[in-house]
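Asker: Quick one: structure below, then a few questions.
No value in this document is a laboratory result; all are computed from the given coordinates. Remember, predicted model here, so these are calculated numbers, not experimental data. Because the Cβ atoms are built from the backbone with ideal geometry, glycine has one as well, and the counts that use them run over all protein chains shown.
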Amino acid sequence: MSIVFDEQKRLFKLDTSDTSYVIGVYDEDYLLGLYYGAKIPDMHFDSFIKRAVAFSPANPVFGHNGFSPDTSPMEYSGPGAGDFRIAAIAVRNADGNNVTDLRYRAHRIYKGKQPIPGLPTTYAVSDDEAETLEIDVLDPVTGAMATLVYTVFCDQPVMTRSVRVTNTSDKTMYIERVFSLSLGLPTMDYDLLTFYGRHVKERTLERRPLAHGLQGVQSMRGVTSHEQNSATVLMRSGATEDFGEVYGFNLVYSGNFASLAECDTNGATRYLLGINPESFEWTLEPGDTFYAPEAVSVFTDKGLGEMSRIFHRFYNNNLIRGKYKTAKRPLLINSWEAAYFDFDSEKLIDFAKAAKDLGIELLVMDDGWFGKRNDDHSSLGDWYVNEDKLVGGLGRLVKSVNDAGVKFGIWYEPEMISPDSDLFRAHPDWHVHVPSRVPMQSRWQYVLDVSREDVRDNIWQQMYKVLSENNIEYLKWDFNRSITDAGSALLPPERQKEFHHRFILGTYDLMNRLVTTFPNILFEGCSGGGGRFDPAILAFSPQIWTSDNTDPIERLTIQFGTSICYPASTMGAHVSACSRTGYETKGNVAMWGTFGYELDPRKLTEEEKTIVRRQVADYHKYYDLIRSGELYRIVSPFENPYYAAWEIVSADKSEMLFTFVCAHGIDGSQRMIRFKGLDPDREYTCEQDGETYSGAFLMHAGLNLTGKANSDGESYTLYFK
Ligand code: DGJ
């Protein structure tokens, strides 16, 4: 049993393969978060409870016995009831105050894991893989009831959490905040790792020690954002890539999030992850339930690298779904960097023929095929083919591409509308806007109000027609601006702050229609590159375009940063015509992700074609290794400005691909590389030099790789078997 309830001590213990999480029910039914960390067999938490200090308020029934919400490790705490730290939940009641004081009422333990209505989640492959605890905590004064849902995975050190809030009273109430995960840690000797960025510079790793007070990151852009990712890590001070205690968290959500840590004056930490309360409120009528998104949490005492591998395995096994969870993904070429908006049928057919000659399997027709779209000023929302460009229609183009032996893929940006579009002229109130204000434009476009069902139905019907009438085997779903003027024409004034969450629910509804109606289409997420790289999008699409930056040197930090919490199988990575390095290095870097091309195949020289053909062969040779292997980061570009190196080791440790990239040449530097993750007792032969080494030698002594790839942009791979 992974979850036990000790009725005498009133303690819950939730075990995964390597972790324990302990929740206590104290007197007066206060719910306390007592422990999360390495697996422990027993529970002696009495000393954790009574810690009140001067000025700590206490429930009068306790007298001066030393218990106060002020200083206790409250599991899921609201404002105004003695806990002054940042609140996980706040419900404003019919009296107009938001005092929220939740006490234990009931619990249930069951096998498996339930979905959350309307929201993407991770899943248990079988009911035996996971066990779930639901705890009802009720505010008896207002009737606000939260159900805290914890699922533990028996064979992985992973726990998921979510919260639903039900109005059990006969009066309307208003949820002001509802975080999905609230975690108390008894100390503050942790570093916070977050991932900042911008367009073409996503997921830059930033590490800072926790300090007293509030700290954290958020998105207010209506999407996960380029600027901050919802993935967050707490590393014990001194922990490294290979050693030490690390907690990793992420939210299965694509809207405004907040990831916040508060260290109190007693040196304890509270960490919260969930919907950003800044832009949120939800009206809850009697009997109604609100569902907050799922949060994932991971713990290991074996360093950041092991935390990454836990996330990678978990997302590959328990998040990604559908045909392409296991089916081999076609090797694709995308038209964007090759042609931008300047293409017609003949050019694309030529691309397909040239691509086929190189061994490429799928052609993606990117932005510019619909309405009157010849640049980014128009036509979003008019999802019918531009027959001036695609003479003979989409049917003829797809058939010609297929006849050339290449599959066909298409681009959409379903949640957007151009002011210059037939859709906008027909429905001038369908864009996201608020009364009396001129809505902001970004990339000359508005956001379409997909919180509305009528709007979603229109877009869906347009997409369905194109996708059902043509042999389309891949779809790239883009999202190219942040949301401003957040409001919906259909919502009453008191519900306008529900807009952002309703928008995301609308997006998920559309995505769900797509993946259930067209299960054979390979779906790739995108948002101006990697602006919506999150686990929720991965629940629909097995891969996401990582960045519009295809320069392999710039990609080093982008892919290293992304790899901290997301597996290689999800990272869209293409070889483009950018000029910073040669094709060898472009291929070596892109090989780390879902490999593809983003160039005009007709323009390659014979020499470049030879390299591309070799890369295509490597793609097939290493496909299984990269998709299901284990990542070991060897030299991080965040720590070493000169070079970067990483390895992918097969799950059975029988093979390993090592990649080295020189970002800035420095003659004479010694590059002593110690490999990781191998079997010490096995022998590995290096394909490149024919030498055989023990795993122990490669890991403990290592190799001196000085002298290879010494100039800017040079790289190489070594394959050991
Ligand atoms: C942004 C994407 O990241 C690009 O790959 C491309 O699809 C453009 N949008 C098209 O507008």
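Asker: Determine the distance separating the Cα centre of segment 15-71 from the Cα centre of segment 471-539; give it in Å without decimals.
Answerer: Each part's Cα centre sits 40 Å from the other's.
Asker: Among 644-651, 509-516, 435-442, 541-548, how do they line up by average Cβ neighbours within 10 Å per residue, starting with the highest?
Answerer: Details: 644-651: 21.1, 509-516: 16.9, 435-442: 10.9, 541-548: 26.9.
Order by mean packing, descending: 541-548, 644-651, 509-516, 435-442.
Asker: Which number do you get for Rg(Cα) / (2.2 N^0.38 Å) in segment 89-224?
Answerer: 1.28
Asker: Gain in length, residue 721 to residue 642, computed as 0.36 nm per residue apart minus the alpha-carbon separation, to one decimal in nm?
Answerer: Contour length minus the Cα-Cα distance gives 25.6 nm.
Asker: Would you tally the net charge around residue 509, using a Cβ to Cβ cut-off of less than 12 Å, leaving residue 509 out, and scoring K and R as +1, D and E as -1?
Answerer: Around residue 509, the charge tally is +1.
Asker: Using 0.36 nm times the number of residues separating residue 53 and residue 489, minus their current alpha carbon distance, what extension gain do you get? Kindly include the intermediate steps, with their values, before the conclusion.
Answerer: On the way: separation 436, 0.36 × 436 = 156.96 nm, distance 5.07 nm.
Gain in length upon complete extension: 151.9 nm.
Asker: Okay, moving on. Compute and list, largest first, the equivalent-ellipsoid semi-axes of segment 216-329 from the alpha carbon gyration tensor, each √(5λ) rounded to a whole angstrom.
Answerer: Computed over segment 216-329, the values are 26, 24, 13 Å.
Asker: Under a plain spin-label model, where a point goes 7 Å from the Cα along Cα-to-Cβ, how far apart in nm are residue 496 and residue 110?
Answerer: 4.0 nm
Asker: Let me ask another. Highest mean first, how do 242-254, 494-506 rank when packing is the count of other Cβ atoms within 10 Å averaged over residues?
Answerer: Details: 242-254: 23.2, 494-506: 20.5.
In decreasing order of mean packing, 242-254, 494-506 become 242-254, 494-506.
Asker: Another one. Please check which bits of segment 588-624 a label hung off residue 200 would reach, taking the label as a point 7 Å along Cα-to-C-beta and the cut-off as backbone N under 20 Å.
Answerer: 589-590, 597-600
Asker: Expressed as a whole number of Å, what is the distance separating the alpha-carbon centroids of segment 652-693 and segment 122-190?
Answerer: Rounded to whole Å, the Cα centres lie 44 Å apart.
Asker: Also, I was wondering about something else. Where the centroid of each part is defined by its Cα atoms, how far is segment 308-324 from segment 547-610 in Å?
Answerer: Each part reduced to its Cα centre gives a spacing of 22 Å.
Asker: Rounded to the nearest 0.05, what FRET efficiency do residue 422 and residue 289 give with R0 = 35 Å and r taken as the Cβ-Cβ distance? Could you check?
Answerer: Values: r = 40 Å, r/R0 = 1.13.
The value I calculate is 0.35.
Asker: List the lysines whose Cα sits under 27 Å from the Cα of residue 111, skipping any in the same chain fewer than 8 residues away.
Answerer: Cross-link targets: 9, 13, 39, 323, 325.
Asker: Once you charge only the Cβ atoms, +1 for Lys and Arg and -1 for Asp and Glu, what is the size of the charge dipole of segment 3-318 about its Cα centre, to the nearest 20 debye?
Answerer: In debye, rounded to 20, segment 3-318 gives about 540.
Asker: Please list, in order along segment 569-581, the HN-Hα scalar couplings obtained from phi with the Karplus expression 6.51 cos²θ - 1.76 cosθ + 1.60 (θ = phi - 60°), rounded to whole Hz, x for Gly and Pro.
Answerer: Taking θ as phi minus 60°, the curve returns 5, 9, 8, x, 9, 10, 7, 10, 8, 3, 9, 5, 9 Hz for segment 569-581.
Asker: Here is a follow-up. Given charges of +1 on the Cβ of Lys and Arg and -1 on the Cβ of Asp and Glu, with all other atoms neutral, how large is the dipole of segment 633-720 about its Cα centre, in debye to the nearest 20?
Answerer: On the way: 7 positive and 13 negative charges, 53 e Å.
Charge dipole of segment 633-720: 260 debye, to the nearest 20.
Asker: Next question. What is the projected area of the convex hull of the Cα atoms of segment 64-154, averaged over all directions, in nm²?
Answerer: 8.1 nm²
Asker: Restricting to Cα pairs below 8 Å that are 6+ residues apart, what does the relative contact order work out to for segment 54-192? Please round to a whole percent.
Answerer: Numbers: 256 pairs, mean separation 29.2, N = 139.
Worked out over segment 54-192, it gives 21 percent.
Asker: Place +1 on the Cβ of every Lys and Arg and -1 on the Cβ of every Asp and Glu in the chain, take the dipole about the Cα centre, and give the residue among 81, 100, 156 whose Cα lies farthest towards its positive end.
Answerer: 156
Asker: Which value, to two decimals, describes the C-alpha radius of gyration of segment 610-721 once divided by 2.2 N^0.38 Å?
Answerer: 1.06
Asker: Magnitude of the Cβ-charge dipole of segment 330-624, K/R +1 and D/E -1, about the Cα centre, nearest 20 debye? Numbers along the way, then the final one.
Answerer: Values: 31 positive and 44 negative charges, 67 e Å.
With only Lys, Arg, Asp and Glu charged at Cβ, the dipole is about 320 debye.
Asker: So, one more: Against the longest alpha carbon principal axis of the chain, how many degrees, from 0 to 90 and to the nearest 10, is the axis of helix 303-318 turned?
Answerer: The angle comes out at about 80 degrees.
Asker: Which net charge results when you count Lys and Arg as +1 and Asp and Glu as -1 among the other residues whose beta-carbon is under 13 Å from that of residue 538?
Answerer: Values: positive: 321, 325, 532; negative: 294, 524, 534.
Neighbour charge sum, excluding residue 538 itself: 0.
Asker: Using the Cα centre of segment 633-720 as origin and beta-carbon charges of +1 (Lys, Arg) and -1 (Asp, Glu), tell me which of 643, 654, 705 is placed farthest towards the positive end of the dipole.
Answerer: Of the candidates, 643 comes out farthest on the positive side.
Asker: Taking 45 Å as R0, compute the FRET efficiency from the Cβ-Cβ separation of residue 442 and residue 694 and round it to 0.05.
Answerer: 0.20
Asker: Output wanted: per-residue J couplings in Hz (rounded whole) for segment 49-57, from phi through Karplus 6.51 cos²θ - 1.76 cosθ + 1.60, θ = phi - 60°, x for Gly and Pro.
Answerer: Karplus-based 3J(HN,Hα) across segment 49-57 equals 8, 8, 9, 4, 10, 3, 6, 6, x Hz.
Asker: Taking 22 Å as R0, compute the FRET efficiency from the Cβ-Cβ separation of residue 266 and residue 42 and round it to 0.05.
Answerer: For residue 266 and residue 42, the calculated efficiency is 0.30.
Asker: Let me ask another. Per-residue HN-Hα couplings for segment 713-721, Karplus 6.51 cos²θ - 1.76 cosθ + 1.60 at θ = phi - 60°, whole Hz, x for Gly and Pro?
Answerer: x, 7, 7, 7, 10, 10, 10, 10, 9
Asker: Then there is this: If you average 1/r across every pair of different Cα atoms in the chain and take the reciprocal, what Kirkwood value do you get, in Å?
Answerer: Evaluated on the chain, it is 26.9 Å.
Asker: Per-residue ellipticity at 222 nm for the chain, helices alone: DSSP H runs ≥ 4 residues times -39500 (n - 2.57), over residue total, nearest 500 deg cm²/dmol?
Answerer: Calculated at 222 nm, the ellipticity per residue is -6000 deg cm²/dmol.
Asker: At 7 Å along the Cα-to-beta-carbon direction for both residue 517 and residue 666, put a label point, then send me their distance in nm to one decimal.
Answerer: 5.6 nm
Asker: Quick check: pseudo-label points 7 Å beyond the Cα along Cα→Cβ at residue 155 and residue 341, how many nm apart are they?
Answerer: Result: 5.1 nm between the two label points.
Asker: In nm, what is the difference between 0.36 nm times the number of residues separating residue 125 and residue 28 and their Cα-Cα distance? Working shown, then result.
Answerer: Values: separation 97, 0.36 × 97 = 34.92 nm, distance 3.85 nm.
Additional length available on full extension: 31.1 nm.
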